[in-house]
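Reading through the structure tokens given below for one structure.
The values are calculated or read from the model by the stated rules, or taken from the named source; none is laboratory data. Remember, predicted model here, so these are calculated numbers, not experimental data. Cβ coordinates were reconstructed from backbone atoms using ideal geometry, including for glycine residues, and neighbour counts include every protein chain displayed.
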Amino acid sequence: MEPTPKPHADPHASGGAVLFTAFEPSGDALAAPVIEALAQRRGDLKMYAWGGPRMEAAGATLVGRTADDGAMGLGAIAHARKVRKTIQSIGRWIKECRLVLHVPVDSPAANFPVCRQSRQAGARIVHLAAPQLWAWGEGRIKKLRRLTDHLLCLLPFEPQWFGERGVKGTFVGHPAVNRELNPAALKATAGALAPGGPRILLLPGSRSQEIKRNVPLMLRVWDGVRQRHGKAVAIIAAATPEIASHIRSMDLPSNTRVMSDRLDEGIAWCDVALACSGTVTLNLLRQCCPMVGVWKASMLSCLGAKVMLKTKDRLLPNIIAGSRIVPERVPWSGGPEPLIKDILYLLEDSRRLEAQRSALRATLAKFKGPQFAPACIDAIEMTLGAGKGV
């Protein structure tokens, strides 16, 4: 049972308290550079977080740990109960503080109830990552208008979309894209990862349920490619060492390597990536790496997606490009054969690989401009400046 948290230090002191709330590992990673930059620029503000180790390392006082994989060891009902108790704990904490700013990070279903509490306390609210209402749930735009002062938009088209619906937002770039890379150094180290070819990178996701669903499918796809290209080699890039260890315990085909913490090198190494739909496709976009997108789901989920999802495409590079530049099976309840064909279609004609790279370069150009953390802090300071007594 989660104890009632108590504020550390003195949240009434100086400029007041800033609260970040994240409910997934991706939120922990997204918030960390923003916390670090805000702490450096605004030393008068005290940073607190319900989140994870990266937010704590960045300088926030971790009041509660909520950014672990919520599906690990918990059913949906048990997880929902845990989140509900956490929201109640955050509400009690807010009442004890002079909260001037709340930064909810992703996870709108969990964060909206917290936003109501912080709004009642008089805090400004800046969402870190605009909820993807353009994909589904546009009916929640009224709720968002009530529960935000500003959106930090990670995708270039979002400020206009939300602005047309009465919600202010700033494009701040995306940390997976708006960052410096050293292509020469990556190429030098990537060359030693695994000999052979063609080179296939498998990216099964970061959540436990994604691993459970996607890894078996991806291995079947990889086996089909291997039957066509006997010297082909694959690397499975795991999001964490724990996930890497779990994947290694599976029955893996020959010429298959598992690694973690070397994603950029894996991308520089491969000819084509088979990627779970999500942020990792933006890491691939950063290097204009040819890819095929997939997200394994049940047949019922696929039918539900046809009703709920409003965008023609579901893979982020395609959504940003405004056209189907990357083959995608999102969501997908079928077998490996169509995915095998998608990969072989690219591998067996270098002109197709180059055509996708060219389209990805044009899409990457849409992110040109902002530096993620500084752009976030500029927007936060603007929002704080619009408040009273800060």
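Taking the stated definitions as given, is LYS366 in a helix (DSSP H, G or I), closer than 30 Å to ASP149 by Cα, of a type in the set (D, E, K, R) and touching a residue at least 60 places away in the same chain (Cβ under 8 Å)? Yes: the conditions hold for LYS366.
Taken over region 107-128, the criterion of being closer than 16 Å to ALA67 by Cα and among the aliphatic types (A, V, I, L, M) is satisfied by ALA109, ALA110, VAL114, LEU128. Taking the criterion of being in a helix (DSSP H, G or I) and of a type in the set (S, T, N, Q), the only residue of region 174-197 that qualifies is THR189. Just one of the listed residues (ALA355, ALA373) is outside the structural domain of HIS150 (by TED's automatic domain parsing) and of a type in the set (A, V, I, L, M), and it is ALA355. Residue under question is ILE267, and the condition is that it be assigned by TED's automatic domain parsing to the domain that holds LEU347, at pLDDT 95 or above and assigned to a helix (DSSP H, G or I); does it hold? So ILE267 fits the description; yes. Of the listed requirements (1) crowded, with 17+ Cβ neighbours inside 10 Å; (2) touching a helix residue (DSSP H, G or I) at 6+ places or on another chain (Cβ under 8 Å); (3) in contact (Cβ under 8 Å) with a residue 60 or more places away in the chain, VAL292 misses just one: (3). Looking across region 299-323 at every residue that is surrounded by 14 or more Cβ atoms within 10 Å (Cβ to Cβ) and in contact with a helix residue (DSSP H, G or I) (Cβ under 7 Å, 6 or more places away or on another chain), the one that is farthest from CYS288 (Cα to Cα) is identified as ASP313.
Against the definition (over 21 Å from GLY278 (Cβ atoms), assigned by TED's automatic domain parsing to the domain that holds CYS270 and within 23 Å of the chain's Cα centre (by Cα)), how does SER208 come out, yes or no? Considered against the rule, which asks whether it is over 21 Å from GLY278 (Cβ atoms), assigned by TED's automatic domain parsing to the domain that holds CYS270 and within 23 Å of the chain's Cα centre (by Cα), SER208 comes out as no. Given the structure, is ILE211 surrounded by 15 or more Cβ atoms within 10 Å (Cβ to Cβ) and part of a strand (DSSP E or B)? Criteria not met by ILE211. If you go through region 285-298 one residue at a time, do you hit one that is among the β-branched types (Val, Ile, Thr) and part of a loop (DSSP other than H, G, I, E, B)? No, because not a single residue in region 285-298 is among the β-branched types (Val, Ile, Thr) and part of a loop (DSSP other than H, G, I, E, B).
Selection of region 125-145 for residues being more than 24 Å from ASP313 (Cα to Cα), over 20 Å from the mean Cα position of the chain (by Cα) and either surrounded by fewer than 17 Cβ atoms within 10 Å (Cβ to Cβ) or touching a residue at least 60 places away in the same chain (Cβ under 8 Å) (or both) yields LYS142, LYS143, ARG145.
Once region 147-193 is narrowed to residues that are surrounded by fewer than 19 Cβ atoms within 10 Å (Cβ to Cβ) and acidic (Asp, Glu), the residue that is nearest to the chain's Cα centre (by Cα) is GLU180.
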